[in-house]
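First the structure, in the form of structure tokens, and then the observations on it.
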Amino acid sequence: GMEAMATAADGDLAGSVASAARGDEIAFARIIAAYHDDLRRVCGFVMRDGTLAEDAAQNAWSIAWRKLGSLREPDRLRPWLMRIAVNEAKKLMKDRGRRSRTEIPVDVSRVAGGRDPATGIDALDALAAVDRLDADDRALLVMRYVLGFDSTELSAVVGLSPSGTRARLQRLLQRLRQELD
């Protein structure tokens, strides 16, 4: 399914990462083409502002271009990019000193569907409740339910172990479940 597809795409991108790290702008453009939508979507959820999300994503790309040589494992490209994007989104929010309230429409066709068997929470209900969460929690939910990150990928973004990440997601979803009831 989706994960197999992502893995195949990541395999092709490993070569692009190596070339881009050596300064190949065409290779970097391939990486941008592959991940820009995901980056912008995560920034949008974190910031709740689609216009600023585009700025945050652009900032993230210029940082990624500078730091690509420091990425040890090309197969961790997606979580590495997401961590940069989430940090940039939070930084921009702080700089603007406001939490703007523009609704980000959730494209339901792109949500990694339905009920989460682990928690019994419907992905759309969870996303509807994200407004009341802080930026990090919103990032975690959008990566899990919209982008379909597994706990290994998520852990690479949030800097916890996979089991620590699952526990954090559990707590977050328990809190949401109480709010949703």
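The values are calculated or read from the model by the stated rules, or taken from the named source; none is laboratory data. In this text the structure is predicted, and so the values were computed from the model without any measurement. For neighbour counting, all protein chains shown are included, and Cβ atoms are generated from backbone atoms with ideal geometry for every residue, glycine included. We work out accessible area using only protein heavy atoms, side chains counted, and drop any ligands, DNA or RNA first. Shrake-Rupley method; radii C 1.70, N 1.55, O 1.52, S 1.80 Å.
Consider just the alpha-carbon atoms of the stretch 30-103 and return their Rg together with their Dmax, both in angstrom.
12.2, 38
Assuming 0.36 nm per residue, please report the length gained on full extension of the stretch residue 171 to residue 95 beyond their Cα-Cα distance. It would help to have the intermediate numbers written out before the result.
Values: separation 76, 0.36 × 76 = 27.36 nm, distance 2.94 nm.
In short, 24.4 nm is gained.
Which peptide among 159-167, 59-67 comes first, and what is the full order, when sorted by highest mean count of other Cβ atoms within 10 Å? Spell out each step's value before the answer.
Numbers: 159-167: 13.9, 59-67: 16.4.
Taking the mean over residues of other Cβ atoms within 10 Å, the ranking is 59-67, 159-167.
At q = 0.25 Å⁻¹, what base-10 log of I(q)/I(0) does the Debye formula yield for the stretch 58-100 when every alpha carbon is treated as an equal point scatterer in vacuo?
Here log10 of I(q) over I(0) equals -0.84.
Hey, if we sort 48, 177 by accessible area with the 1.4 Å probe, largest down, what's the order? Could you put the intermediate results ahead of the total?
Working: 48 10, 177 85 Å².
So, going from the largest accessible area down, we get 177, 48.
Would you list 25, 54, 88 from the most to the least accessible area, probe 1.4 Å? Don't skip to the end; give the middle numbers.
Details: 25 135, 54 55, 88 15 Å².
Accessible-area ranking of 25, 54, 88, largest first: 25, 54, 88.
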